[in-house]
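So the structure is just underneath, and the comments pick up after that.
Any read-out appearing in this document is the output of simple, stated calculations on the displayed coordinates, not a laboratory observation. Bear in mind the structure is a predicted one, so any value in this text is a computation, not a measurement. Because the Cβ atoms are built from the backbone with ideal geometry, glycine has one as well, and the counts that use them run over all protein chains shown.
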Amino acid sequence: MTKSDNIDQIIDRVLYSQDDIQKMCQKLGQQLTQDYAGKDPIVVGVLKGAVFFLTDLVRQMDVKMQNDFMDVSSYGDGFESSGKVRLDIDVEADVKGRDVLLVEDIVDTGHTLKFMKEHLLKRGAKSVKCCALLNKTERREEDVVVDYYGADVENEFVVGYGLDYLNEYRNLPYIGVLKPEVIQANLNR
Ligand code: XMP
Ligand code: MG
């Protein structure tokens, strides 16, 4: 991100600052440290958005763990859920009999989380829980439990700190609301 990208034309307002995000990570990290003590979990980040959150979160967890990643896609056109989830990259680790903690950037309709939970349980995981940075409950279509999350968000499209619009803006250090005009302009193209 450079100054020439003129971020003010893209971002409506900052929703969570760098400081807010670090506080969320600390709080979640403390809770997860308690809940996963002695469990030796596999902490799985969902590519690509959750990578930014995962690296901050696990450094706040004083727990023996392994880290892995998986990649799924559901968003065909950049912002609207298609409802269909495809597994692009599976976890490398053998999850059989293991406690798995999925780390997500945001849970929206819940299709992605439902798919991943079912997939990991089918592969024999002992437990599968989810820690998401953000929880957008208003658009939920699946009855999924987000076991841990940093903050609620309204039905607005957010970018930054891993969250993207058309694979851009992930590197913003804060979470901001994308101007609806930006989405509209792309739809009209
Ligand atoms: P579902 O709808 O399956 O989707 O819960 C979860 C995935 O959708 C993406 N998503 C967003 N990405 N800003 C983003 O940058 C948003 O406001 C947003 N809402 C949903 C995200 O990739 C998440 O993993
Ligand atoms: Mg995602």
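Some points to look at:
- Applying the condition of being within 16 Å of ligand 1 (Cβ to nearest atom) and crowded, with 16+ Cβ neighbours inside 10 Å to the range 52-73 and asking which residue is farthest from Val103 (Cα to Cα) yields Val72.
- Some residue of the range 135-146 being touching a residue at least 60 places away in the same chain (Cβ under 8 Å), under 14 Å from the mean Cα position of the chain (by Cα) and within 15 Å of ligand 2 (Cβ to nearest atom): no
- Scanning the range 84-134 for residues that are more than 11 Å from ligand 2 (Cβ to nearest atom), farther than 24 Å from Leu28 by Cα and buried (at least 18 other Cβ atoms within 10 Å of the Cβ) yields one hit, His119.
- The set of residues in the range 159-173 that are surrounded by fewer than 18 Cβ atoms within 10 Å (Cβ to Cβ) and either in contact with a helix residue (DSSP H, G or I) (Cβ under 8 Å, 6 or more places away or on another chain) or β-branched (Val, Ile, Thr) (or both) comprises Leu166, Pro173.
- Count of the range 157-188 residues, restricted to those that are at negative phi and in a loop (DSSP other than H, G, I, E, B), is 9.
- Count of the range 30-79 residues, restricted to those that are among the hydroxyl-bearing types (Ser, Thr, Tyr), out of contact with any Gly (no Cβ under 8 Å at 6 or more places or on another chain) and either assigned to a loop (DSSP other than H, G, I, E, B) or more than 24 Å from Leu172 (Cβ to Cβ) (or both), is 3.
- Residues of the range 147-156 that turn out to be touching a Lys or Arg at 6+ places or on another chain (Cβ under 9 Å) and either within 16 Å of ligand 2 (Cβ to nearest atom) or in a loop (DSSP other than H, G, I, E, B) (or both), as a count: 6
- Count - residues of the range 118-145 that are of a type in the set (A, V, I, L, M), touching a helix residue (DSSP H, G or I) at 6+ places or on another chain (Cβ under 6 Å) and closer than 19 Å to Gly83 by Cα: 1
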